[in-house]
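Since the structure comes first, as structure tokens, the remarks are kept for the end.
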Amino acid sequence: MTEQHFSAHARARTGRSHQGVGHVDEHHHERFTVVGNHLAQHSELSLTAIGLAVHIHSLRSGTLVGIKALAAKFPEGETRIASALRELETHGYLSRIKERLPSGRIVTRTISYNKPRTHTAPRPPRPHGDPTQPTTAPPPSTPAVPTSPPPPEPPTPARDVLAGLRTHDPRLHLSEQDVRRLAPAVATWLERGVTPDDVQRTLASGIPKEGVRHPAGFLAHRLTALLPLPLPAARPEPPRPAPLQNCDDCDRAFRAATPGRCRGCDASHEARAAAA
């Protein structure tokens, strides 16, 4: 990182061309952050990631920089902010470590680097604004939790429905955690006879043009508010009449489960048998 110092008054930089950008530089005496050109002019980071890195580096230590906290301050939304944070992690400007507190609660510690780290083992951050204070390792009572994500769950029809929503609308991009939370609600729809394609069309239709800030919350509301009624129970079929039979004596047709005599012939046969 190169820190520039200005000893002269504000002045405009001049160059040979009048087509490019011009600068008017003024010296900052307070409330400023030094940013290296390796970040400001990074060719592989998105502008969202660069701006987010500058914002995080300007914050005091201890300020919350989770996805929801940042989405509440800026209009980009959780999906774009989460993507930008992943970019910064990939290029070594940020690391997020899960730690277990003495109480057993697991928290995420975010470390911002003013120069990109090329190794994978993150170092504890120095307090912002006090570079002379030495860094210390985490106390033994707060062991770091492995940062590798849990293995993905096996595919199910409900998970496939949620994972395929982004093919209907790229703004409906869900994380693994979101899918786990919403899958039981989608399974209820499928149990009520709604096909996977119909579930996706219902959830992805009519999204505002400006998009949604929290796709998971938006889908959770729709899964509850638009839940269809269960299918009515199937009615039992009425009993079928016995098949037609031909009487062995008079050849008349009558209904019975098995061949034999009709009622009249059967009664006459019984009467003759009794008289004999």
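Before moving on, here are some points about what is shown:
- Stretchable slack from Ser61 to Ala273, in nm (0.36 nm times residue separation minus alpha-carbon distance): 65.2 nm
- When Rg and Dmax are taken over the Cα atoms of segment 160-276, they come to 31.7, 99 Å.
Read the figures in this text as sums done on the coordinates, not as results from a lab. The structure presented is a predicted model; accordingly, all values stated were derived computationally and were not measured.
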